Amino acid sequence: MMDLNNLTITWLALPLLVGFGIYLFPRVDRPFATLAALGSIVYGGSAIARAEPLTLTLLNNFGVSLLVDSLSGFFILTNGFVTAAVILYCWGSDRKTFFYTQLLVLHGSINAIFLCTDLMSVYVALEVISIAAFSLIAYPRSDRAIWIALRYLFVSNTAMLFYLIGAVLVYKANTSFYFEGIQNAPPEAIALILLGLLVKGGVFISGLWLPLTHGEAATPVSAMLSGVVVKAGLFPLVRCALLVPDLDPLIRLLGVATALLGVSYAVLERDSKRLLAYSTISQVGFVLAAPPVAGFYALSHGLAKAALFLGVGSLPGRDLRTLRTLKLAPWLGGAIAIAALSICGAPPLGGFGAKTLTLDTLLPWQVIPLNVAAVGTVIALSKLIFLPWNPYFAALKLPFQGAEDASIQASHSGDLGADAAVLSPAAGSTVAAATSAPAPGVGLWLALPFLLGGLAIANGFYPQAYGLSSFLKLAVTLGIGWGIYGLLPRSLPLQLPRTVENLDHLIGAMSLGLVILFWMVMP
Amino acid sequence: MLEACVFATILFGFFGSVLKGNLAMKIIAMDVMSTGAIAYYVLIASRGGRLTPILDEVVAGEAYADPVPQAVILTAIVIGFSIQALMLVSVMKLARDNPTLETSAIEQSNRP
């Protein structure tokens, strides 16, 4: 019988060992990779079940310190589920062992983040995550993939340099790198560390690098990035908020601001994958808004968002205007709708319990803005729920919608070449993409039920959510959201500019963020 | 004084990575910034003294440098170096189709 400490360390090293091991034995890459991910599911589940937290200090005072409690359990469970689903999704594809190696290295370093309680281990793990995510994004080797990956690495490495400077200031004040030391650290140290974590976690304006990266990466990679990689930046923030009570109000405020920013972008977005990426930003806000219950929300969001990315990635095209005129396979459209409903907070899925629990744990000043954000989430995700996968939705014609859809439909039914002038250049390119999009493979059949089943099981974590008041609240939120969705014209004339997503602006915004954070943490 | 020089290095690197238009220059500027961060660790390690912290024969009254930031920054140097290498390789790949490496041009051609 191995004791718990050794078990934890073995489990922590397992994905890395398997990851490099399968590189030597490429024939067994997928089964072993799945086993490593399943190991994390088991470990995460047992960490939630175990009541008392486990603290580990390796070596001595200056060594690495680890903490396993139910919060880390939920995050580890998310990581295990999403990684396993991504491997299953890729099962039928012709991706090489290199891909799975990087995936497992990413998985292992994210696991490490969820245990660490000192700044330096978090730094090392975050940088390994950057490198592994870079290799995954750049895997197709096309110019665009390399540029997106390079942009991601550049932004995150610059942010981590700020973090590194903050970490040494904490060391200077405490002669240790433990999270608790942040309490005695000068305000500039806190601002620098927060900036690094906010950029990695995709929070507020420092998270605006996220839509392009998550939208343009390959389908399984975006599922991984949106499902768990952003949580690697969030977890240290949540942990700090719990360990250092002074930071708690600031983190909550950032959460609310992020939730509102994300939904306002998501409501106006026409591209399905970018819509999901903006929705990730807003959900990140919900996770931060209530640090004590962040784990459960992160789990339900991670599962649902990974399922959405895998499902939407298999649709024939990305422009929502084009998608609305096609006829989708009912099982695919249905799976997307279920995952989207979970993020909106509908029972009997994990999202219902998570949203109820989060909204119940809010401070009074947070309640109104977060409920507004919840309604905004419903409006944004309705675009995916009401895709024409079921005959009723296809026949559904809402006000303002008829004329535009008819024109697109006409150009579809007619000869594409002759009608090309009718279509805008953007719509034309989506049609071209639609013909070349690969058919959903067998992997999707494995991954989607796995993730949706996980969501259904996650529903059991908070049975207290089933009460009259939460049902009423949900009915009002859904009612208002769907009402506004029905009344809004299908393609809003307003498009938010994308200039802020330029690399220069992203890096420049960091200096701005640093000044604002410094001003906020000043005692 | 030394601290001011270190911060100047960090700031020069940061503004270089914002203001330079050429992608390769941006990456070099980021390396300058990381050099500044590393120098700051070394500076903080030498608060108490400058002697190499190796336990040899104990020299009485000599002040040793703090070994912890030095050990920690070694890891960061290795990580920074590998990230630099990865980025420069991608720049080489990108240079094939964008010989000028103007960031705005690359951004324009790779936008959805």
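Here are the numbers for this structure:
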quantity: Student exercise, segment A:258-326 dipole from Lys, Arg, Asp, Glu Cβ charges, in Debye to nearest 20; calculated: 180 debye
quantity: Kirkwood hydrodynamic radius of segment A:294-385, Cα pairs, Å; calculated: 14.0 Å
quantity: Prolate/oblate/rounded call for segment B:2-98, Cα gyration tensor, a/c under 1.5 rounded; calculated: oblate
quantity: Within chain A: Cβ-based charge dipole about Cα centre, in debye rounded to nearest 20 (Lys, Arg +1; Asp, Glu -1); calculated: 740 debye
quantity: Taking segment B:2-98 and dividing mean pair separation by its residue count, relative contact order in percent (alpha carbons under 8 Å, at least six apart); calculated: 24 percent
quantity: 18 Å Cα-Cα reach of A:Lys172 towards aspartates and glutamates, excluding residues that sit fewer than 8 places from it in its own chain; calculated: A:Asp118, A:Glu180, A:Glu188, B:Glu3, B:Asp66
quantity: Three-way shape label, segment A:206-326, alpha-carbon gyration tensor, a/c 1.5; calculated: prolate
quantity: Under the Karplus curve 6.51 cos²θ - 1.76 cosθ + 1.60, θ = phi - 60°, whole-Hz ³J(HN,Hα) for segment A:305-317, x wherever Gly or Pro sits; calculated: 5, 5, 4, 5, 5, 5, x, 5, x, 9, 6, x, x
quantity: Which of A:Trp331, A:Trp389, A:Trp147 has the fewest Cβ neighbours within 10 Å, and the rest in rising order; calculated: A:Trp331, A:Trp389, A:Trp147
quantity: Test item: A:159-166 mean partner chain Cβ contacts at 10 Å; calculated: 5
quantity: Label-point separation, A:Asn6 to B:Arg47 (7 Å along Cα→Cβ), nm; calculated: 4.0 nm
quantity: On Cα atoms only, tilt of A:503-521 relative to the major axis of chain A in degrees; calculated: 50 degrees
quantity: FRET efficiency, 1/(1 + (r/R0)^6) with R0 35 Å, evaluated for B:Met92 and B:Leu2 via beta carbons; calculated: 0.45
quantity: Dipole-positive endmost among B:Ile28, B:Leu51, B:Ile73 within segment B:2-98 (Cβ charges, Cα centre); calculated: B:Ile28
quantity: C-alpha long axis of helix A:330-344 to longest principal axis of chain A, angle in °; calculated: 50 degrees
quantity: Value at 222 nm in deg cm²/dmol, rounded to 500, when DSSP H runs of n ≥ 4 in chain B each add -39,500 (n - 2.57); calculated: -24000 deg cm²/dmol
quantity: Helix-only mean residue ellipticity at 222 nm for chain A, each DSSP H run of n ≥ 4 adding -39500 (n - 2.57), per residue, nearest 500; calculated: -23000 deg cm²/dmol
quantity: Residues of type lysines that A:Lys96 reaches as a straight line, Cα spacing below 28 Å, ignoring anything fewer than 8 places off in the same chain; calculated: A:Lys200, A:Lys231, A:Lys273, A:Lys305, B:Lys93
quantity: Whole-number D in µm²/s for segment A:256-306 (Stokes-Einstein; Kirkwood sum over Cα pairs; 25 °C, 0.890 mPa s); calculated: 224 µm²/s
quantity: Volume per residue that the Cα convex hull of segment A:165-210 spans, once the total is divided by residue count, Å³; calculated: 68 Å³
quantity: Cα gyration tensor category, rounded, prolate or oblate, for segment A:35-165 with a/c compared to 1.5; calculated: oblate
quantity: For segment B:1-42, convex hull volume per residue from C-alpha positions, Å³; calculated: 40 Å³
quantity: Likely footprinting exposure, B:Val91, B:Val42, A:Val199, fewest C-beta neighbours within 10 Å first; calculated: B:Val42, B:Val91, A:Val199
quantity: Between segment B:18-89 and segment A:117-170, the alpha-carbon center distance in angstrom; calculated: 18 Å
quantity: Ranking of A:His107, A:His301, A:His505 by count of other Cβ atoms within 10 Å, fewest first; calculated: A:His505, A:His301, A:His107
quantity: Descending principal axes extents, the protein assembly as shown, alpha-carbon based, whole Å; calculated: 90, 60, 55
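Read the figures in this text as sums done on the coordinates, not as results from a lab. A quick note: this is a predicted structure, and the numbers were derived from the prediction, not measured. Backbone-built Cβ (ideal geometry, glycine too); neighbour counts: all protein chains shown.
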